Amino acid sequence: MLHSVIMAGGVGVRFWPLSRRRQPKQLLDLLGEGTLIEQTVARIEPIIPKGQRWIVTNREQMAMFREAAPEARDQRFILEPMGRNTAPAIGLAAIHLLSEDPDAVMIVLPADHRIENIEEFRRCLMTAVDLVSNSDILATIGIEPTRPETGYGYIQVDRSSKLPAENAFRVKTFAEKPNMELARRFFESGEFVWNSGIFIWRADVIMQQLAEHLPQWYSGLQEIAGALGTPQEDEVTKQIFGSLKGISIDYGVMERAPRVVVVRSTFRWSDVGSWDEVWRLIEQDADGNSCRGNTEMVDSRNNLVLARDKLVALVGVKDLIVVDAGDAILICPRDESQQVRAMVEQLAKTGREEYL
């Protein structure tokens with residue numbers, strides 16, 4: 001009754017110029033450890049029976065995954081006709097699981113995390129599975145913060161409500177990505193963990209919560225459920241997704257649900273969400289530079305440089321990101337790496353589709 005659901009529909013615009021429509025973030029080997037989708041699949045396979053491993057994505061990316069990531073070929077695919085954020089994607093996965101397994105327990109995982117201490121990661125997951133298997137609890141994994149961070153959402157833990165399961169607590173509040181001043185307050189309080197975006201719950205329970213908090217989406221998903229396995233399935237799914245607004249599972253359900261539990265992590269984690277995070281994760285030289293490819297440095301510190309065939313030489317600079325994709329080069333301050341999305345939006349507005 002245990003199923004994994006890997007969310008793998010996005011492009012990863014903050015990793016432009018390497019991440020493109022034809023090569024989404026999940027198929028990048030950003031750290032020299034294999035692609036992100038391969039790592040995600042490998043982490044979960046030992047605890048999930050074959051036939052109960054799913055990937056939610058779109059038709060174009062499914063073909064890419066099957067071709068480029070051998071580990072993904074044994075996964076079952078659930079296809080979104082268009083992106084509508086995480087709540088609809090999770091609901092779509094839930095109705096597929098329930099059509100085969102009324103007792104399905106879902107482990108929902110983003111496809112683009114880096115995790116160390118894999119056995120500890122699996123142990124945290126199974127702690128959460130034990131909590132939700134025979135209850136209406138919604139569980140998530142909270143990451144012990146190592147610094148003030150503005151790129152992650154936060155979860156406030158109710159320390160007075162420790163549950164029998166190890167490191168499990170009730171949730172007080174969810175907080176959106178903060179500014180630096182608030183991030184420092186969160187970090188120094190010791191009451192907050194990073195929101196990992198990893199969720200564990202019964203499929204029927206998440207559908208009940210969708211019915212209560214997102215009734216329009218629940219009704220639409222029920223209509224899709226009635227069409228599963230019929231010639232009308234694709235058209236009904238496309239119609240429902242096209243008619244309703246997207247919303248995240250955090251905002252749509254988790255912030256409103258009555259019984260939410262967080263399991264505090266005991267493993268090292270990164271959502272690999274920006275080039276600045278890649279700088280933190282790639283081995284640095286004595287001057288704090290993280291480099292791959294054909295590079296040279298003179299009097300330069302704390303830079304991330306990803307080069308290809310031509311030499312990339314830095315002289316007298318610090319705290320930069322330089323990424324050579326062959327047909328495009330990104331240069332930006334490390335602390336502005338979250339703004340790469342704005343460049344992708346500008347390229348779309350100016351009609352430079354060949355770079356997207």
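The values are calculated or read from the model by the stated rules, or taken from the named source; none is laboratory data. All figures in this text were calculated on a predicted structure; none of them were measured in a lab. So basically every Cβ, Gly included, is an ideal-geometry build from the backbone, and we count neighbours across all protein chains shown.
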Examine the stretch 283-290 for a residue that is without any contact (Cβ under 8 Å) to a residue 24 or more places away in the chain and part of a strand (DSSP E or B), and state whether such a residue exists.
-> yes
Picked from the stretch 247-294 (must be closer than 30 Å to Leu311 by Cα and of a type in the set (Ser, Thr, Tyr)), the residue modelled with the highest pLDDT is Ser290
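In the set Ala165, Ala175, which member is touching a Ser or Thr at 6+ places or on another chain (Cβ under 6 Å) and either free of Cβ contacts under 8 Å to residues at least 40 places away in the same chain or assigned by TED's automatic domain parsing to the domain that holds Gly34 (or both)?
Exactly one of Ala165, Ala175 is touching a Ser or Thr at 6+ places or on another chain (Cβ under 6 Å) and either free of Cβ contacts under 8 Å to residues at least 40 places away in the same chain or assigned by TED's automatic domain parsing to the domain that holds Gly34 (or both), namely Ala165.
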Condition check for Gly288: of a type outside the set (A, V, I, L, M) and within 30 Å of Arg43 (Cβ to Cβ) = yes
Every pair of residues 6+ apart whose Cβ atoms lie under 6 Å, when the first sits in the stretch 187-199 and is hydroxyl-bearing (Ser, Thr, Tyr) while the second is crowded, with 21+ Cβ neighbours inside 10 Å = Ser196/Ile141; Ser196/Ile143
Sole residue being small (Gly, Ala, Ser) and farther than 21 Å from Arg114 by Cα, chosen from Ser290, Ser300 | Ser300
